[in-house]
Amino acid sequence: MDRNSNVYTFLFAIIMIIIVASGLAFTATSLKPLQAENVRKEKMQNILSTIGVDVSRDEASLKYDDYVKQQLALFPDGTVNDEVDAFKLDLSKEVKKDHDKQNYPVYQAEKEGKTFYIIPLYGAGLWDALWGYIALDSDKNTIVGASFDHKSETPGLGAEINQSWFEDQYIGKKIFDENNEFVSVKAVKGGAKADDIHGVDAISGGTITSDGVSLMVEERLNNYIPYLKNN
Amino acid sequence: MAVENEGLFSKQNRSLLIDPLDDNNPITVQVLGICSALAITVQLKPAIVMALAVLFVLVFSNVIVSLLRNLIPNRIRIIVQLLIVASLVIVVDQVLKAYAYDVSKELSVFVGLIITNCIIMGRLEAFAMANGPWKAFLDGVGNAAGYGFILIVVAFFRELLGSGKLMGYEVLGHKAKTVAESTGLYQFGYENNGFMLLSPMALITVGVIIWLQRSKNRKLIEN
């Protein structure tokens, strides 16, 4: 057959595409369960890390049920929506909805007899998305742990938000002031004062990412005020 | 006319493997594949994985294209090459996500960008389309090794000088908040050079490597 003819060219292209497409479809389908499992375990690992349970990704799914007792999806008024599985909520999609149409997931965990409230976060950094979890103590005010991550912040600068030196600063900070008004916890450029219970040190050279974290924490926690104050 | 029976590792075949490491290095001599060399050399580990991923993609695409070289219609050859490279890259990406999740998160978008790595398309078009599979295999291994070698050297210096670590281990000591609490070099007031973490320094590091290489290897110097 003439290899420069149009028929040959079309035939070759069609056969090639069918082979490649079926090969890729097979690979993607057969690896999908493993990939979904990785994402699920990582989520559990992140949630556990905020209440000080550091486990590997593989252990996370085994230990998860020992600690996390309730996973609730909340209406904006703080009441529980029983029809939604909180763990399966995709926060990146929820935040795009109107405030009163969103579901607000919250995880209740128990460790050494104390109850903790873990709130997932989602926001924007300098280049792309930020997300994380913040765990509140039984008083629903004091932060006991925070975990942040990012899609593509600058390595060495904004990307440091997922390092423990940054995350651990949030421990012991309070989100409500003494008059029980919501003030959140902000990353302060140039360093927070030593006695500031609502501020942590921002990252030098990573101001926009730090501001993104502050905004994310404030915006997300703000939605949980009815829940945190009522229960 | 007698057909010369060439050994598997004849002198010519050996040079296919060795040339790209020095005389014909894809990064420092041909200056191809620079984009990924800038992007993923901040730390050693992703650089090594990237080098392996490129090795896999380049070797397989070279061999596949070489096997099909007499069948591929000339008019759509670039598209066919791209199709082969793209599918191999997707396989790498999917396998990493399933079996090496942490690494795949670090490399993120750059695995997908292997598709646009000029070294790969360059080798397919310049070599695999005109040579047999064994030669194409050697050429693929050689070029991927030449690429990976430079990547790893650049990443070594960037991670060491930029964050004081190698493969994530703090080889220069621990940097605490104050000089007094720090250990290793940091207790003498040593500071990491944050500039090493930014892309311009990757370019400068590659430039220094090119300079060193040419001062050793005189035949690379253009008039």
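The values are calculated or read from the model by the stated rules, or taken from the named source; none is laboratory data. All of these numbers come straight from a predicted model, not from anything done at the bench. Using ideal geometry, Cβ is built from the backbone for each residue, glycine included, and neighbour counts are taken over all protein chains shown.
Brief remarks follow.
- Qualifying positions in the stretch A:151-161 - in a helix (DSSP H, G or I) and at pLDDT below 90: A:158, A:159, A:160
- Qualifying residue in the stretch B:135-154 (condition: surrounded by fewer than 20 Cβ atoms within 10 Å (Cβ to Cβ), in contact with a helix residue (DSSP H, G or I) (Cβ under 7 Å, 6 or more places away or on another chain), touching a residue at least 60 places away in the same chain (Cβ under 8 Å) and within 14 Å of chain A (Cβ to nearest Cβ)): no
- Just one of the numbered conditions (1) loosely packed, with under 15 Cβ neighbours inside 10 Å; (2) free of Cβ contacts under 8 Å to residues at least 40 places away in the same chain is not true of residue B:115: (1).
- Qualifying position, being at the interface with another protein chain (Cβ under 8 Å from one of its Cβ atoms), touching a helix residue (DSSP H, G or I) at 6+ places or on another chain (Cβ under 9 Å), among the small types (Gly, Ala, Ser) and part of a helix (DSSP H, G or I), among B:66, B:87: B:87
- Every condition in (1) closer than 26 Å to residue B:201 by Cβ; (2) in a loop (DSSP other than H, G, I, E, B); (3) away from chain A (no Cβ under 12 Å) holds for residue B:20 except the one numbered (2).
- Near pairs, Cβ below 7 angstrom, 6+ apart or cross-chain, from the stretch A:6-28 (facing chain B (nearest Cβ under 10 Å)) to any residue that is hydroxyl-bearing (Ser, Thr, Tyr): A:20/B:87; A:23/B:87; A:24/B:87
- Condition met for residue A:92 (assigned to a helix (DSSP H, G or I), of a type in the set (Ser, Thr, Tyr) and within 14 Å of chain B (Cβ to nearest Cβ)): no
- Residue in the stretch A:63-83 that is free of Cβ contacts under 8 Å to residues at least 24 places away in the same chain, within 18 Å of residue A:132 (Cα to Cα) and surrounded by fewer than 11 Cβ atoms within 10 Å (Cβ to Cβ) present: no
- Looking only at residues in the stretch B:173-198 that are in a loop (DSSP other than H, G, I, E, B) and either hydrophobic (A, V, I, L, M, F, W, C) or in contact with a Pro (Cβ under 9 Å, 6 or more places away or on another chain) (or both), the one that is nearest to residue A:156 (Cα to Cα) is B:198.
- Only one entry of A:213, A:217, A:200, A:144 meets the criterion of being among the β-branched types (Val, Ile, Thr), under 21 Å from residue B:177 (Cα atoms) and in contact (Cβ under 8 Å) with a residue 24 or more places away in the chain, and that entry is A:200.
- So residue A:148, is it modelled with pLDDT of 90 or more, in a helix (DSSP H, G or I) and under 27 Å from residue A:111 (Cα atoms): no
- A single entry from A:54, A:100 fulfils the requirement of being free of Cβ contacts under 8 Å to residues at least 60 places away in the same chain, away from chain B (no Cβ under 14 Å) and not in a loop (DSSP other than H, G, I, E, B): A:100.
- If you go through the stretch B:71-84 and keep only what is in a helix (DSSP H, G or I) and facing another protein chain (nearest Cβ under 7 Å), you end up with B:74, B:75, B:76, B:80, B:83.
- Residues satisfying the stated conditions in the stretch B:90-125, i.e. more than 10 Å from every other protein chain (Cβ to nearest Cβ) and more than 18 Å from the chain's Cα centre (by Cα): B:125
- Note on the stretch A:1-33: residues that are in contact with a helix residue (DSSP H, G or I) (Cβ under 8 Å, 6 or more places away or on another chain) and under 30 Å from residue B:100 (Cβ atoms) amount to 8.
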